[in-house]
1. State whether one or more residues within segment 306-324 are polar (S, T, N, Q) and open to solvent by less than 70 Å² (accessible area, probe 1.4 Å).
2. Name the single residue that is nearest to T183 (Cα to Cα) among those in segment 214-228 being within 12 Å of the chain's Cα centre (by Cα) and either more than 12 Å from the ligand (Cβ to nearest atom) or open to solvent by less than 10 Å² (accessible area, probe 1.4 Å) (or both).
3. For a quick check of your reading: which strands (runs of 3 or more DSSP E) sit entirely within segment 192-276 and have at least 2 residues that are on the phi < 0 side of the Ramachandran plot and in the same structural domain as A343 (by TED's automatic domain parsing)?
4. Residues of segment 229-241 being among the charged types (D, E, K, R) and buried (at least 16 other Cβ atoms within 10 Å of the Cβ), which ones?
5. If I filter segment 149-157 for residues that are under 29 Å from the mean Cα position of the chain (by Cα), in the same structural domain as P213 (by TED's automatic domain parsing), more than 16 Å from the ligand (Cβ to nearest atom) and acidic (D, E), do I get at least one hit?
6. Given the residues A114, A127, A38, which is the only one that is buried (at least 23 other Cβ atoms within 10 Å of the Cβ) and in contact with a His (Cβ under 7 Å, 6 or more places away or on another chain)?
7. Can you pull out every residue in segment 197-209 that is open to solvent by less than 10 Å² (accessible area, probe 1.4 Å) and either near the ligand (Cβ under 10 Å from one of its atoms) or under 24 Å from T370 (Cα atoms) (or both)?
8. Among the helices (runs of 4 or more DSSP H) lying completely within segment 1-87, list those that include at least 2 residues that are farther than 19 Å from L246 by Cα and in contact (Cβ under 8 Å) with a residue 24 or more places away in the chain.
Amino acid sequence: MKVPAKARVDLDAIGANTALLRERAGGAEVMAMVKAEAYGHGLIEAGRAALVGGATWLGVARLAEAVRLREAGVTAPTLVCLGVPGEPYEEAVARDVDLAAGAIWLIEEIVTAAERAGRPARVHLKADTGMSRGGTGERDWPALVDAALKAEAAGHLRVVGVFSHLACADEPGHPSVAAQLGTFTAMLEHAERAGARLEVRHLANSPALLTLPEARFDLVRPGIAVYGLSPVPELGSFGLRPAMSLVADAALVKRVPAGSGVSYGHAYHTERETTLAVVPAGYGDGVPRHGSNLLEVLAAGRRRRIAGRVCMDQFVIDIGDDDLSAGDEILLFGPGDAGEPTAQEWADALGTISYEIVTRIGARVPRVYTGRAL
Ligand SMILES: *Cc1c(COP(=O)(O)O)cnc(C)c1O
């Protein structure tokens, strides 16, 4: 079916990026983070492509994401990183999904679920080593470890992992990184001294994996780098290849006179008689409205700025006297091969991070896959 706007996802790029990350991880295993539809790339397809590339674990934020992986037949060890009250943890236990626990109330919920499921839950204890987001801090850590090991002794769960998350790994040399690493090591040692027999210790996200060898431990958890976007843009691409291209076919091309006000609010006026092209992708598809009169796209081989406001379903570009017909493809962003902007370039123009650009591409935009998945 022909669709006016689509996100092309290059599964070979995801596979190759994962292979590169696995290489850079030394001996550590790779958990590909596939939360939020694999950062917009498609949970199932991207997850499978990462497994082809050598990831041996998958990581998600919500239990529902893990359940979808299992329903699609993906059996790789999968960790739900975000524990919230009232999730159907029994289903996680039944489907052999690993759970993060960073609070005693959560361990209690998981124990209840495991009792109902009739088998032990697999749990990774979550340490707050200085990000002050999820997990238990150093002061309350002994109590969490104690509660988990008691539940383990009672047969309700297996403490398979200890993990934490870094706040500033994308700023190499930030003093908090070394501090978090030290705290993590101390909290790990406490858990092991208390009797935890861990399968995996894990801390590193993409930037730490690529810039901080000491942070690798047994398992690394890259997200953005799997999709080919640099976790530390100032340090270059690390040899990664962007997997997503956002493309749209011109809906309408027409000549307009000089002085024409374009789109809502007339935030753009044509300087002379010119050709406008209507591009069928808008903020309803994830094109940021803050990109009005700002973001560039590639049309007829040339960079063109969005003319006026981005609308819900469309925006306009002024292509001068260039030759373009309705139905011709316009590249919004991609790996940059043809001179199109990258998601990083859009992010820089908008004052955000590439993560947000690809993740916000909406459900209305079909993902079209090229390359190989399992
Ligand atoms: C999202 C996430 C990651 C991956 O972070 P990137 O910066 O995309 O590599 C790693 N660990 C946890 C717990 C996460 O939530």
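1. no
2. Applying the filter and picking the extreme gives P222.
3. 244-249, 252-256
4. R241
5. No, segment 149-157 has no match at all.
6. After ruling out the rest, the residue left standing is A114.
7. H202, L203, A204, S206, P207, A208, L209 - these are the residues of segment 197-209 that are open to solvent by less than 10 Å² (accessible area, probe 1.4 Å) and either near the ligand (Cβ under 10 Å from one of its atoms) or under 24 Å from T370 (Cα atoms) (or both).
8. In segment 1-87, the matching helices (runs of 4 or more DSSP H) lie at 11-24, 43-52, 63-71.
The values are calculated or read from the model by the stated rules, or taken from the named source; none is laboratory data. What you see is a predicted model; the values in this text were computed from it and never measured. Cβ: placed from backbone, ideal geometry, glycine included. Neighbour counts: every protein chain shown. What goes into the accessible areas is simple: the full protein's heavy atoms, side chains included, and nothing from ligands, DNA or RNA. Shrake-Rupley method; radii C 1.70, N 1.55, O 1.52, S 1.80 Å.
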